[in-house]
Amino acid sequence: AGSNVNTEAFKILQWDRLKQSITSDFGLPNRKVKVGVLDTGIENHIDLPRITGATRDINGHGTHVAGLIGAIAGNQLGSDGITSEAILANYPVLGPSGKGNLLDLISALMKAWRENCEVMQLSIGTYEYSRILYDTLTFLAKKGVVLVAAAGNDSRSDPALPAMHPLVIGVGSHDTEGNPSKFSNKGINQIVSLPGENILSTLPNNQFGPMTGTSMAAPMLSGILV
């Protein structure tokens, strides 16, 4: 990893003190939590636990997101994920270019719910309003699914959907100093920000590397919530 890769901001989230405070507040986890990662796909990786439904990930985005949630801790490879309590389940909804369509997303959301995902990680977004997507998110939230979405990277004052949905936790990005990232969308329902600049994680073909965006901040929150 080059000197420009910022792992310090990520490590701060893995402080023993933070973990101890979470443990004292909520108790030690006593079961695994299934997390649906709706993205470009997740490849099996030497630094990831076994992925439910692993596929090729030509883009790399989904594999990177998965590592931020649950990369294996303490094995001297890459960065540690936020949690070792996640069962990572793969729901590819974006193609190699990072684009997809709404009907595929809606059907993947329902599939992830039927397959008992308790947290859904959505580092994806659209500025086209979709009533059917909005209603699907409402349905899932009311069923108790925790929905976490990246706010988007277009410096806008309105997050993309799903992040703008009132029952979805929208996540923005900040830098190592805690300053909001210039690219990060802000505004309604972006209620938290986490580090999102030059964050190291897993990539396809057993590689590691940095990525930047609210897409990197959101899975950290998913890991914390697990």
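The values are calculated or read from the model by the stated rules, or taken from the named source; none is laboratory data. Please read all numbers here as calculations on a predicted model, not as lab measurements. Here the Cβ is made from the backbone with ideal geometry for all residues, glycine too, and neighbour counts use every protein chain on show. Areas reflect the complete protein model, heavy atoms only, side chains present, ligands, DNA and RNA absent. Shrake-Rupley method; radii C 1.70, N 1.55, O 1.52, S 1.80 Å.
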*Hey, can you grab everything whose amide H is under 5 Å from the amide H of D154? Only 5+ residues off in sequence or another chain; H modelled, so Pro and N-termini drop out.*
N185
*What order, most packed first, do the peptides 63-71, 84-92 have when packing is the mean number of other Cβ atoms within 10 Å of each residue?*
63-71, 84-92
*Based on DSSP H runs of at least 4 residues, each adding -39500 (n - 2.57), what is the mean residue ellipticity at 222 nm of the chain after dividing by all its residues, to the nearest 500 deg cm²/dmol?*
-8500 deg cm²/dmol
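Work out, step by step, the length gained on full extension between D104 and R131: first 0.36 nm times the residue separation, then minus their alpha carbon distance; give nm to one decimal.
Here the answer is 8.2 nm.
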*Global geometry of segment 79-128, whether rounded, prolate or oblate, following the gyration tensor of its Cα atoms and the 1.5 cut on a/c*: oblate
*asked:* Suppose every Lys and Arg Cβ carries +1 and every Asp and Glu Cβ carries -1, with no other charges. What dipole size does the chain come out with about its Cα centre, to the nearest 20 debye?
replied: 500
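Given a 1.4 Å probe and heavy atoms of the protein chains only, how would you sort F208, F183, largest accessible area at the top?
The ranking, largest first, comes out as F208, F183.
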_Per-residue counts of other Cβ atoms within 10 Å, averaged by peptide: what ranking do you get for 214-225, 132-143, highest first?_
214-225, 132-143
*Amide H of V192: which non-local residues (sequence gap of 5 or more, or other chain) have their own amide H closer than 5 Å, using H built in the peptide plane?*
G172
*asked:* For segment 46-70 and segment 127-168, what is the centre-to-centre distance using only Cα atoms, to the nearest Å?
replied: 23
_What number comes out for accessible area per residue over the chain if the probe is 1.4 Å? Units Å², please._
47
*Only bridges with both residues in segment 124-226 count here: give the DSSP antiparallel percent, nearest 5.*
45
*Considering only segment 76-193, what is the antiparallel percent among its DSSP beta bridges, to the nearest 5?*
15
*asked:* If you roll a 1.4 angstrom probe over the protein chains with everything in place, what fraction of the accessible area of the chain belongs to carbon and sulfur, to the nearest %?
replied: 53
*Using alpha-carbon pairs under 8 Å, 6+ residues apart, how would you state the relative contact order of the chain in percent?*
23
*Can you tell which of M120, T136, S173 lies farthest toward the positive end of the dipole of segment 79-199, using +1 and -1 charges on the Cβ of basic and acidic side chains (Lys, Arg; Asp, Glu)?*
T136
